[in-house]
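Q: A single structure is presented below for examination.
Taken together, the values in this text are just the output of simple stated rules run on the coordinates, not laboratory data. Every value quoted in this text rests on a predicted model; they were computed, and no experiment measured them. All Cβ positions, glycine included, derive from the backbone under ideal geometry; neighbour counts span all protein chains shown.
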Amino acid sequence: MNPADPQICMLHIGKTGGSYLRSILRHNESRWTHPLHLLGHGATLKGTAKRFGADRQLAFVVRDPVARFSSAFYSRQRQGRPTYQSQWSAEEATAFLWFETAEELALAPASDSPREKSAALFAFDAIQHLKGDLRHYLGGVDTLMTERDNIAVCVDLSDLDTHLPAIMTRLGLPDFEMPPKPKTHAAPVPVPKLSAQAEAALRTHWAEELELYDVACDIACQLGFGQLSG
């Protein structure tokens with residue numbers, strides 16, 4: 001490993017396959033040819049610039065916000081089980097007293113009830129993986145575009161396995177080996193789909209999140225890790 005090579009910081013955006021990808025990288029740690037930093041949920045794009053310098057490279061996985069919303073809600077409702085066991089914060093406990101399903105929470109910001117709307121805003125800011133949305137990790141669209149030349153890997157979760165060999169090469173692991181049992185953090189039962197009404201309400205409430213996701217997917221395509229539309 002050449003210490004003069006650019007440092008690559010891998011952000012761990014919740015519910016985007018981070019446990020899976022990190023387990024593959026950990027399994028191949030002896031093969032690393034670049035300095036890699038597998039960061040925790042607390043690390044953000046702006047934070048890595050302060051910690052590792054503005055010339056560090058970035059790697060991260062994104063996911064359709066609608067699918068990620070439901071996955072995040074039920075994962076935290078289960079307190080991360082069965083893969084993890086992460087107790088609720090006091091704020092999360094309150095949020096899950098208000099909302100028993102992702103459907104209820106997705107509809108609440110469009111409610112005519114001020115109490116329901118207020119409870120929804122509280123829940124979005126209380127539930128770990130909803131508070132930690134793309135905007136939390138990547139900043140806004142302008143921030144992400146400013147960092148465009150520092151992004152080594154950006155890929156949508158749905159394309160991760162397809163592009164895994166190319167991603168590993170970009171990370172300095174052209175001869176990587178798959179571990180016998182890569183770690184996954186999957187729901188024990190299928191996550192209920194949102195109704196069309198709930199999805200529409202969520203898309204309105206999370207408009208900035210969806211815009212940021214679209215920009216990230218465009219970057220993924222530019223890097224060769226995405227599916228070009230049309």
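Q: Sequence neighbours fewer than 8 away in the same chain don't count; with that in mind, list the aspartates and glutamates whose C-alpha is under 12 Å from Lys15.
A: Asp64, Asp133, Asp156
Q: Let me ask something else. Suppose R0 equals 22 Å. What FRET efficiency, 1/(1 + (r/R0)^6) with r the Cβ-Cβ distance, do Ser86 and Trp32 give to the nearest 0.05?
A: 0.20
Q: A further question on this structure: Rounding to the nearest 20 debye, state how big the charge dipole of the chain is about its Cα centre with +1 on each Lys and Arg Cβ and -1 on each Asp and Glu Cβ.
A: 740 debye
Q: Then there is this: Return the Cα extents of segment 77-191 along principal axes one, two and three, sorted largest first, each rounded to a whole Å.
A: 55, 38, 23
Q: Moving on. Alpha carbon centre of segment 196-212 versus segment 34-75: separation in Å?
A: 21 Å
Q: Here's another thing I want to ask about it. Where the only charges are on Cβ atoms (+1 Lys, Arg; -1 Asp, Glu), what is the dipole of segment 160-227 about its Cα centre, to the nearest 20 debye?
A: In debye, rounded to 20, segment 160-227 gives about 300.
Q: How big, in percent, is the set of alpha carbon pairs in segment 136-189 lying more than 15 Å apart?
A: Taking all Cα-Cα pairs of segment 136-189, the fraction more than 15 Å apart is 65 percent.
Q: Using only the Cα atoms, work out Rg/Rh for segment 3-113, with Rh taken as the Kirkwood radius, to two decimals.
A: Using Cα coordinates only, the ratio equals 1.07.
Q: Could you sort out which of Lys50/Lys193; Lys50/Lys181; Lys46/Lys193; Lys50/Lys117; Lys50/Lys131 sit more than 30 Å apart by Cα distance in this structure?
A: Lys50/Lys193; Lys50/Lys181; Lys46/Lys193; Lys50/Lys117
Q: If you count, for each residue, the other Cβ atoms within 10 Å and average over each peptide, how do 155-167, 108-120 line up from highest to lowest?
A: 155-167, 108-120
Q: In addition: Name the residue from Ser195, Phe73, Ala93 whose Cα lies farthest towards the positive end of the charge dipole of the chain, charges +1 on Cβ of Lys and Arg and -1 on Cβ of Asp and Glu.
A: My answer, from the dipole projection, is Ala93.
Q: Stokes-Einstein at 10 °C, 1.306 mPa s, Kirkwood radius from Cα pairs: D for segment 76-117 in µm² s⁻¹?
A: Calculated translational D: 139 µm²/s.
Q: Tell me what the chain gives for mean residue ellipticity at 222 nm when only DSSP H runs of n ≥ 4 count, each as -39,500 (n - 2.57), the sum divided by the residue total, rounded to 500 deg cm²/dmol.
A: Helix contribution divided over all residues of the chain: -13500 deg cm²/dmol.
Q: Run the paramagnetic zone check for Ser113: 7 angstrom along Cα to Cβ, then residues of segment 187-226 with backbone nitrogen under 13 Å.
A: none
Q: Identify which of the listed values of Cα extents along the principal axes in Å was calculated from the structure shown: (1) 58, 38, 37; (2) 58, 45, 28; (3) 64, 36, 30.
A: Looking at Cα extents along the principal axes in Å for this model, the match is (1).
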